[in-house]
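Asker: Right, I'll just put the structure down here and ask away after.
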Amino acid sequence: MGLGMSLFIAVSLAMDAFAVSLGVGTSGKSPSRRSKFRLAFHFGVFQSLMTVLGWYVGSTIAGLIENFDHWIALILLSYVGIKMIRSGLHQDLESFEGDPSRGKSLVILSVATSIDALAVGLSMAMLDLPVFFPALLIGIVTLVLSAIGITAGTRLGEKFGKRMEIVGGVILIAIGLRILFTHLLA
């Protein structure tokens, strides 16, 4: 697989992580540079590792996962999205109990945004394509776009307040629905 195709795939996979980062940024719960980097770094690592994992697993498990992976992504993203919407509608609620770049929230968001990378890795294995350079590129592009997304989301959240949490929550649910419909209509 050439550089152009690898870059195209990397950007395509990173768009979900970018949108989720934008939504998380609106919550204002990742104020420090360290927490922003931690979130972007984990998104990049999960995208990269899930690509490699999908490649290693190959076609052995593809049939088992493809029947429900889109439902998992929808449930995880909707769970976080609904929490963000509720928080935006009620001043006394918080969308994240703490910093979303730590703990359960970080794992949920990282897995939800990287399920498509697992499918890409599976496809690469079935086509007998090498995985390590594309996986590295996928991780780097995801890290960079996620960092941009969380920074932009933070600025939007500072400017428009809790209303942006509603927008962020809707974005997360929309991403989950897009993943679901893409798989169901494919």
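Throughout, read-outs are computed from the coordinates displayed, never taken from laboratory work. Owing to the predicted nature of the structure, the values given are computational and were not obtained by experimental measurement. All Cβ positions, glycine included, derive from the backbone under ideal geometry; neighbour counts span all protein chains shown.
Asker: Can you give the direction-averaged projected area of the convex hull of the alpha-carbon atoms in the range 104-186, in nm²?
Answerer: 6.8 nm²
Asker: Is it possible to state the helix-based mean residue ellipticity at 222 nm for the chain, with each DSSP H run of 4+ residues giving -39500 (n - 2.57), the sum divided by total residues, to the nearest 500 deg cm²/dmol? What is it?
Answerer: One gets -28500 deg cm²/dmol as the mean residue ellipticity at 222 nm.
Asker: Right, another one. Which whole-number percent is the relative contact order of the chain (Cα, under 8 Å, 6+ apart)?
Answerer: Answer for the chain is 48 percent.
Asker: Still on this structure: Looking at the chain, do any whole DSSP H helices span at least 15 angstrom along their long axis by alpha carbon and average 1.6 or above on Kyte-Doolittle, and which?
Answerer: 3-26, 163-185
Asker: Calculate the FRET efficiency for D128 and F181 from the Cβ-Cβ distance with a Förster distance of 35 Å, rounded to the nearest 0.05.
Answerer: 0.75
Asker: Give me the mean projected area, in nm² to one decimal, of the convex hull enclosing the Cα positions of the range 1-50.
Answerer: About 3.9 nm², averaged over all directions.
Asker: Which value in Å does the Kirkwood hydrodynamic radius of the chain take, with 1/r averaged over all unlike C-alpha pairs and then inverted?
Answerer: 16.3 Å is the Kirkwood radius here.
Asker: Rounded to the nearest 20 Debye, what is the dipole magnitude of the range 3-185 about its Cα centre when Lys and Arg each give +1 and Asp and Glu each give -1 at the C-beta?
Answerer: Once rounded to the nearest 20, the dipole reads 680 debye.
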